[in-house]
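Quick notes on the structure that follows.
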Amino acid sequence: MTSDPIINKVDEEFSLQLTKLVKNYVLELVNHEVDVITDSDWFDQKIKDIVEETTPNQKWVKSKEVAACLNISTPYFHQKARILEKKGILEQSIHYFRTGNSTSSSYRWNLTKTSRVFKENVK
């Protein structure tokens, strides 16, 4: 790592461990802040505004709204949606999009297209 004779192997290892610790902390902090922002009403409104501008005749809603429209529970909707996604029936950008890059980011669903898929594929 370095050719400085004053810095020994212990110092190098400590430096590497500290760097990893700080990097992980910053990544975790950034992901948390993204989650806080993307779960806010302000962000939800921004998403709705942008989506309505680009797809004026489509309604994009949260999971609980699709589930209510289909008269099923939200957990059941999520379970079936994962299955339909794995089968390639529900497609990103057509039926849903994610509000962020984090794995915990929420989804927005095209109400019309997603409802149609569920009615055709979920009994």
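The values are calculated or read from the model by the stated rules, or taken from the named source; none is laboratory data. Computed from a predicted structure; not experimentally measured. Here the Cβ positions follow ideal geometry from the backbone for every residue, glycine too, while neighbour counts run over all protein chains shown. For the accessible areas, the whole protein counts, side chains as well, though only heavy atoms, and no ligand, DNA or RNA atoms are used. Shrake-Rupley method; radii C 1.70, N 1.55, O 1.52, S 1.80 Å.
Restricting Val51, Val34, Val10, Val26 to those that are modelled with pLDDT of 85 or more and either hydrophobic (A, V, I, L, M, F, W, C) or not in a helix (DSSP H, G or I) (or both) reduces the list to Val26. Among the residues of region 56-107, those identified as among the β-branched types (Val, Ile, Thr) and closer than 18 Å to Asp39 by Cα are Val61, Val66, Thr74, Thr99, Thr103.
One residue is enough: does region 79-88 have a residue meeting the conditions under 16 Å from the mean Cα position of the chain (by Cα), modelled with pLDDT of 85 or more and open to solvent by less than 40 Å² (accessible area, probe 1.4 Å)? Yes, region 79-88 contains a residue that is under 16 Å from the mean Cα position of the chain (by Cα), modelled with pLDDT of 85 or more and open to solvent by less than 40 Å² (accessible area, probe 1.4 Å). Tallying residues that are part of a helix (DSSP H, G or I), charged (D, E, K, R) and over 24 Å from Asp41 (Cβ atoms) within region 54-107 yields 4. The set of residues in region 107-123 that are in contact with a Cys (Cβ under 8 Å, 6 or more places away or on another chain) and over 11 Å from Leu90 (Cα atoms) contains only Leu111. Based on what the data block shows, is His95 of a type outside the set (Val, Ile, Thr) and open to solvent by 60 Å² or more (accessible area, probe 1.4 Å)? Taking the combined requirement at face value, the residue does not satisfy it. Among the residues of region 110-121, just one is open to solvent by 10 Å² or more (accessible area, probe 1.4 Å) and touching a strand residue (DSSP E or B) at 6+ places or on another chain (Cβ under 7 Å), namely Leu111.
In the condition set (1) open to solvent by 90 Å² or more (accessible area, probe 1.4 Å); (2) at pLDDT below 80, Leu21 is compliant with all but (2).
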